[in-house]
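Below: the structure, in structure tokens.
The values are calculated or read from the model by the stated rules, or taken from the named source; none is laboratory data. Since the structure is predicted, the reported quantities are computational estimates derived from the model, not experimental observations. Every residue, glycine as well, gets a Cβ built from its backbone with ideal geometry; the counts of neighbours run over all protein chains shown. The area values use the complete protein model at the heavy-atom level, side chains included, leaving out ligands, DNA and RNA. Shrake-Rupley method; radii C 1.70, N 1.55, O 1.52, S 1.80 Å.
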Amino acid sequence: MKTGYVELARAQQERWQAAYEQHPSLHGAEASAAARWTAKLFGAAGIDDVLELGAGQGRDAFYLARQGFSVHATDFSESALHRLRLDAQREGLDDRVTAALHDVRDPLPPADATVGAVYANVLLNMAFSRTELRTLVNEIRRVLRPGGLFVYTVWSTDDSRFGKCAEIGDGLYAKDGFAGRFFDLELVHELADRWELGGADPYEENGRRLWRVTQAKPAPLISS
């Protein structure tokens, strides 16, 4: 990681940590639209275990757990995960929701081909370089079982905020101390290389325009 990105990553971790400390329910308690849609997809696919990246304080992890999934939630904010663990215990979901501190710039903890599905709501549009994004998506493919699903959502370049924040380089924008990236279809397809792209669907939530992307790890070819 280049020096500039090391400093940016550290600053973003501190910014998110402070935000979660100041707001015990930063994103609210209701599940996102993405989680509700994803639960139906994973259920129909017969998936029972989900790795959630960038889980925050757990609103989507809890929703998935209530739908019967076993969820391993990760985030790089200890403050967010502390709230997640407390709420999981209070709501009786700690048998279905586990949590671990992890920065997705580092290799993912699971072993190769051991995870049924990976879910990430507005994580990939955070302050990652394009190289870091490609590395992360490769890591996700590594830990998924053949045929496993990856669903992620990201801000769209069709969003009204695109181009109105301060650009800080490499396609990243910043506002109020938070940095992120808006995705166009070209980047979505770039990250789907060596995957089976199931769909890149535009949608709106809370007045924001996003992409919901579904892709599957291809099953290995069986030689005759």
- Message: Any residue in the stretch 132-150 that is aromatic (Phe, Trp, Tyr) sitting within a Cβ distance under 6 Å of a residue that is open to solvent by less than 10 Å² (accessible area, probe 1.4 Å) and in a helix (DSSP H, G or I)? List the pairs, counting only those 6 or more apart or interchain.
- Response: PHE150/ILE140
- Message: Among the numbered criteria (1) assigned to a loop (DSSP other than H, G, I, E, B); (2) modelled with pLDDT under 95; (3) surrounded by fewer than 19 Cβ atoms within 10 Å (Cβ to Cβ); (4) not small (Gly, Ala, Ser), which one does GLN57 miss?
- Response: (3)
- Item | Options ASP112, ASP95, ASP176, ASP103: the member that is out of contact with any strand residue (DSSP E or B) (no Cβ under 8 Å at 6 or more places or on another chain), open to solvent by 30 Å² or more (accessible area, probe 1.4 Å) and in contact (Cβ under 8 Å) with a residue 60 or more places away in the chain | ASP103
- Message: open to solvent by 30 Å² or more (accessible area, probe 1.4 Å), part of a helix (DSSP H, G or I) and either out of contact with any helix residue (DSSP H, G or I) (no Cβ under 8 Å at 6 or more places or on another chain) or modelled with pLDDT of 95 or more (or both): which single residue out of GLU7, GLU21 fits that description?
- Response: GLU7
- Task: Look at SER156 and say whether it is under 25 Å from ARG36 (Cβ atoms), of a type in the set (Gly, Ala, Ser), in contact with a Lys or Arg (Cβ under 7 Å, 6 or more places away or on another chain) and modelled with pLDDT of 90 or more.
- Result: yes
- Kindly check whether there is at least one residue in the stretch 124-133 that is of a type in the set (Phe, Trp, Tyr) and assigned to a strand (DSSP E or B). no
- If we keep just the residues of the stretch 134-160 that are over 16 Å from the mean Cα position of the chain (by Cα) and in a strand (DSSP E or B), which is surrounded by the fewest Cβ atoms within 10 Å (Cβ to Cβ)? PRO146
